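A short worksheet on the structure shown next.
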Amino acid sequence: MVALPYASLIQASEAPVAEPGEYVRVCGICHLERGEGVPGAFPPLDARLGAWAGTEQGRRYLVNVVVNGLHGQIEVDGVRYFGAMPGMAHQLSYREIAGLLNYVVGEFGGGSAAFTEKMVDEIRAVNGAVQSLGLRPE
Ligand code: HEC
């Protein structure tokens, strides 16, 4: 059996996938090129994203972080982060946000849930400008 890259698997659906260059330009300036992050400053984007993309609460959190940003203390692999990520809703369309989430979930998270423009729009409408921190899954 041939293993297809995540991107080609979900191209068949409505779900867009960002190009690597777009990820690097929009997210990678902080989270770095392969999502490795900077300990204590920018959290890594890794397997937990794939797990979160597989649950409703996790999807809600991921969309909310990118749309509204995140500020507050979190802990990843025993390292604390107390930073601020800016919300991206003013600079990205919902389709672009879906594409970037699909890229990080698939490439770095090993996940398979596919975000769509509609999903981002719906989750955003329900959440408004709520602080993302309270939505973070355990
Ligand atoms: C200006 C720097 C910056 C940019 C650009 C940025 N982030 Fe972040 N991101 C952060 C910081 C800082 C945090 C942690 C915030 C905190 O400590 O409360 C974070 C947190 C996150 C989290 C939550 C991680 C967790 O464990 O809860 C996700 C998911 C995430 N970013 C994804 C993205 C994606 C996807 C993009 C591109 C659309 C992006 N980020 C762009 C700085 C950035």
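Since every read-out is calculated from the coordinates, none of them should be taken as a lab result. Keep in mind the model is a prediction, meaning the values are calculated, not measured. Here the Cβ is made from the backbone with ideal geometry for all residues, glycine too, and neighbour counts use every protein chain on show.
Residues whose amide H lies under 5 Å from that of PHE115, counting only those 5 or more places away or on a different chain, are ASN102; hydrogens are built 1.01 Å from N in the peptide plane. For the range 108-125, putting each phi into the Karplus relation 6.51 cos²θ - 1.76 cosθ + 1.60 with θ = phi - 60° gives couplings of 10, x, x, x, 9, 6, 10, 7, 10, 4, 4, 4, 4, 4, 5, 5, 4, 5 Hz, in residue order, rounded to whole numbers and with x for Gly and Pro.
Using the rule -39500 (n - 2.57) for each DSSP H run of four or more residues, divided by the residues of the chain, the 222 nm mean residue ellipticity is -11500 deg cm²/dmol. Taking 0.36 nm per residue of separation and subtracting the Cα-Cα distance, full extension of the segment from GLU36 to VAL24 would add 3.1 nm. What the phi angles of the range 26-31 give under the Karplus curve with 6.51, -1.76 and 1.60, with θ = phi - 60°, is a coupling list of 8, 10, x, 4, 9, 7 Hz, glycine and proline written as x. Could you check the simple spin-label distance between ARG80 and ALA125, using points 7 Å along Cα→Cβ, in nm with one decimal? Using points 7 Å along Cα→Cβ, the separation is 4.0 nm.
With kT/(6 pi eta Rh) evaluated at 37 °C and eta = 0.692 mPa s, and Rh the Kirkwood radius from Cα pairs, the chain diffuses with a coefficient of 220 µm²/s according to Stokes-Einstein. Per-residue Karplus couplings for the range 68-74, computed as 6.51 cos²θ - 1.76 cosθ + 1.60 with θ equal to phi - 60°, are listed in order as 9, x, 8, 9, x, 8, 10 Hz, Gly and Pro entered as x. For the residues ALA125, ALA47, ALA114, a GNM of the chain with alpha-carbon springs under 10 Å puts the largest fluctuation on ALA125. Pairs of alpha carbons in the range 25-65 separated by more than 15 Å make up 48% of all such pairs. Note on the chain: with charges restricted to the Cβ of Lys and Arg (+1) and Asp and Glu (-1), its dipole about the Cα centre is near 220 debye.
Put simply, the amide H of GLY69, placed in the peptide plane, has neighbours under 5 Å in GLY87, MET88, leaving out anything fewer than 5 places away on its chain.
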